[in-house]
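Scroll down for the structure; my scribbles are underneath it.
The values are calculated or read from the model by the stated rules, or taken from the named source; none is laboratory data. A quick note: this is a predicted structure, and the numbers were derived from the prediction, not measured. Here the Cβ positions follow ideal geometry from the backbone for every residue, glycine too, while neighbour counts run over all protein chains shown.
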Amino acid sequence: MYCSSCGAQIPDNATFCPSCGLSTNVQWGTSYQQPIYTQQPVYAQQSRFQIPTGMLVWSIISIFLCTIPGIIATVLTVLAKDATSQEDYDNKIRIAKILNIVSLVIFIIAFVGIIAAAFLVRYY
C-alpha cells in the first residue's frame, strides 16, 4: 500500500504513514454532505392575542389623567397579548378597563375639587 499524500510505501496494517504521518483512513476528494433533517425547525410562536388598540390609547390617556392606575392599566393592556389562555387575556383586559375607569373618576374628582377650591378662594 502507498501513502496518498507523500507516495511512500507503507505496511498494509499501518494506521499512519511512517514518512508524513497522514492517517491511512483519510479519503481525499470526499465532499461534505449536509445532514438530512426529518423534522421542521421550531420557530418562536406568534401570540394568538393582539393588543386592543382602543384599550391601549385609553390606558395611555389614563396615564396623563391619573398616573398610577394609568401606568398599571397600560402595562396590563400590553401584557394581554402574551396571555396563555382566553381567560387570562380577558382578566387582564377587564382589570385594565377597571383601572382606566378608576383613573377617570380620580381625575374628575380632582378637577371638580380644583374648580371648587378656585371658586371658594375667589368669592370668600
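Observations
- Residue count for segment 27-61, restricted to those that are hydroxyl-bearing (Ser, Thr, Tyr), out of contact with any helix residue (DSSP H, G or I) (no Cβ under 6 Å at 6 or more places or on another chain), at pLDDT below 75 and closer than 30 Å to LYS81 by Cα: 1.
- Applying the condition of being among the small types (Gly, Ala, Ser) and either surrounded by fewer than 20 Cβ atoms within 10 Å (Cβ to Cβ) or touching a Cys at 6+ places or on another chain (Cβ under 7 Å) (or both) to segment 52-94 and asking which residue is farthest from ALA110 (Cα to Cα) yields SER85.
- Number of residues in segment 58-114 that are free of Cβ contacts under 8 Å to residues at least 40 places away in the same chain, under 24 Å from the mean Cα position of the chain (by Cα) and assigned to a helix (DSSP H, G or I): the value is 22.
- Test: residue in segment 19-26 that is surrounded by 10 or more Cβ atoms within 10 Å (Cβ to Cβ) and modelled with pLDDT under 75: yes
- The residue pairs whose first member lies in segment 3-15 and is of a type outside the set (A, V, I, L, M, F, W, C), whose second member is part of a loop (DSSP other than H, G, I, E, B) and surrounded by 10 or more Cβ atoms within 10 Å (Cβ to Cβ), and whose beta carbons are closer than 6 Å, counting only pairs six or more residues apart or on different chains, are SER5/CYS20; SER5/LEU22; ASP12/MET1; THR15/THR24.
- Qualifying residue in segment 3-13 (condition: in a loop (DSSP other than H, G, I, E, B) and modelled with pLDDT under 75): no
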